[in-house]
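I have placed the structure first, in the form of structure tokens, so that the comments after it can refer back to it.
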Amino acid sequence: MKKSCKITVLPGDGIGPEIMESAIEVLNAISKKYGINFEFHEALIGGAAIDATGNPLPEETLELAKKSDAVLLAAVGGEKWDNLPTDKRPEKGLLRIRKELDLFANLRPGKAYTALLDASPLKETLIKGVDLLVIRELTGGIYFGEPRGIEERNGEKVGYNTMIYYEHEIKRIAKLAFEMARMRRKKVTSVDKANVLEVSAVWREVVTEVHADYQDVELEHMYVDNCAMQLVRRPKDFDVIVTGNLFGDILSDEAGALTGSLGMLPSASIGERYALYEPVHGSAPDIAGQGIANPIAMILSAAMMLEITCKLPEAARDIEKAIDKVLEEGYRTGDIWAPGTKRVNTKEITQAIIQNL
């Protein structure tokens, strides 16, 4: 456990400031309980940064992030900035900070909350007990490979992209997957398409080599099409899934949708030196400023930070258990409300979580 954690706080746009306030309140409660000191430094990103400086990621924000142990980000974007040139829009700030901090791995948990099983598109018998983690390689693969382009050949348009992975890129994501599995149920499913893609054959070979240093963790290889099917057929069998950028983009959304509560999902983007934690949902400008946003994904993102960066997994478990209890007691913000449950606002559900800590 770290004695202190220096955190760059980026509330951003829309509901961002409201849900960030909730996360900070929960972290302050954790600070008192565990004696860890959090040093918060707030900065601008996204539309808020554009309004103040004309830049979606001011240099001061980037410098502050590089001097911190972790970055906690709420949400960026909104209709207000939709008509700006593409390179000046709020989302460019998010993309640039990921690139500048070399955040090569995206971690997306998919957990089925007992109190919200009805929200899942799957039968309760299939989804109950699901607790998995998708680790997606974030800076390589077909999204960044060269050559790429659109051109004309023999009188017709042709579009092409290159899926490419270097050994070192695969090694570092595989190592992270095995390390995370050690803190969980000690099983890694590596997903590829090695039966038809040479790049996947290399992926499989390198992941197998890295596994030699983690013999206490079970490794299975699975083709991406089969994995997509098995996530629906037997989601409880998965612990940690590790895969490339393209496959991870698709599978992480599928895994998230299984739980039926996208507004409840946190994420982490991890690099060799830096880490950024953010909820999966957007800025929801239509409900911004009304105090009714669901802060749970933001709070769970802070819990991921406690576990991974602050080396305080027991505090992360405390937060998860408190959220479980609050949901079991029937508290719901509007996005997850159902007849028979108690509709509460952002502050009320936050206080209920803190009381259960």
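Sorting D249, D118, D286 by solvent-accessible area of protein heavy atoms yields D118, D286, D249, largest first, with a 1.4 Å probe. Applying both filters, DSSP loop and at most 16 other Cβ atoms within 10 Å, to the trypsin sites (Lys or Arg not before Pro) of the stretch 125-199 gives K128, R148, R184, R185, K186. Helices meeting the span-like rule in the chain (full DSSP H runs, Cα extent of at least 24 Å along the helix axis, mean Kyte-Doolittle score of -0.5 or higher): 16-34.
Here volume of the Cα convex hull per residue in Å³ was computed from the coordinates, and among (1) 154; (2) 138; (3) 175 the match is (1).
Take the alpha carbon gyration tensor of the stretch 109-262, find the square roots of its eigenvalues, order them as a ≥ b ≥ c, and report rounded if a/c is under 1.5; if not, report prolate when a/b exceeds b/c, else oblate. Oblate is the answer for the stretch 109-262, as a/c is 1.5 or above yet b/c matches or exceeds a/b. Over the chain, DSSP H runs of length four or greater, each weighted -39,500 (n - 2.57), average out per residue to a 222 nm ellipticity of -12500 deg cm²/dmol. Cα centroid separation, the stretch 156-234 to the stretch 11-47: 34 Å. The charge dipole of the stretch 7-157, taken about its Cα centre with unit charges on the Cβ atoms of Lys, Arg (+1), Asp and Glu (-1) only, comes to about 480 debye.
Accessible surface of D131, taken over heavy atoms with a 1.4 Å probe and every protein chain present, rounds to 60 Å². If R0 is 45 Å, the Cβ-Cβ spacing of E220 and V158 corresponds to a FRET efficiency of close to 0.75.
Solvent-accessible surface (1.4 Å probe) assigned to L357 amounts to roughly 40 Å².
For a test of the definition: using alpha carbon positions, the gyration tensor, and the 1.5 limit on a/c, classify the stretch 260-357 as rounded, prolate or oblate. Taking the square roots of the gyration eigenvalues as a ≥ b ≥ c, the stretch 260-357 is oblate. Net charge dipole, the chain: roughly 820 debye, given to the nearest 20, about the Cα centre with Cβ charges of +1 for Lys and Arg and -1 for Asp and Glu.
Considering only protein heavy atoms and a 1.4 Å probe, what is the carbon-and-sulfur percentage of the accessible area of the stretch 35-102? Ligands and nucleic acids excluded, carbon and sulfur give 47 percent.
Of the trypsin sites (Lys or Arg not before Pro) found in the stretch 255-319, those in coil by DSSP whose Cβ has at most 16 other Cβ atoms within 10 Å are R273, K311.
Based on the alpha-carbon gyration tensor of the stretch 45-161 and its eigenvalue square roots a ≥ b ≥ c, which shape applies: rounded if a/c is under 1.5, prolate if not and a/b is larger than b/c, or oblate? Oblate, because a/c is 1.5 or more while a/b does not exceed b/c. The ellipsoid equivalent to the alpha-carbon distribution of the stretch 75-140 has semi-axes of 34, 18, 8 angstrom, derived from the gyration tensor eigenvalues as √(5λ) and listed largest first. The trypsin sites (Lys or Arg not before Pro) of the stretch 52-101 that DSSP puts in a loop, and whose beta carbon has at most 13 other beta carbons within 10 Å, are K67. Residues M183, M304, sorted by accessible area with the largest first, give M183, M304 [1.4 Å probe; ligands and nucleic acids excluded].
Under a cut-off of 19 Å between alpha-carbon atoms, report the aspartates and glutamates in cross-link reach of K186, not counting same-chain residues fewer than 8 places apart. The qualifying aspartates and glutamates are D131, E209, D213, D216, E218, E220, D237, D239, E307, E314.
For the chain, the solvent-accessible area with a 1.4 angstrom probe is 45 square angstrom per residue.
The values are calculated or read from the model by the stated rules, or taken from the named source; none is laboratory data. Because the structure is predicted, anything quoted here is derived from the model rather than measured. Cβ: placed from backbone, ideal geometry, glycine included. Neighbour counts: every protein chain shown. Heavy atoms of the whole protein, side chains included, go into the accessibility calculation; ligands, DNA and RNA do not. Shrake-Rupley method; radii C 1.70, N 1.55, O 1.52, S 1.80 Å.
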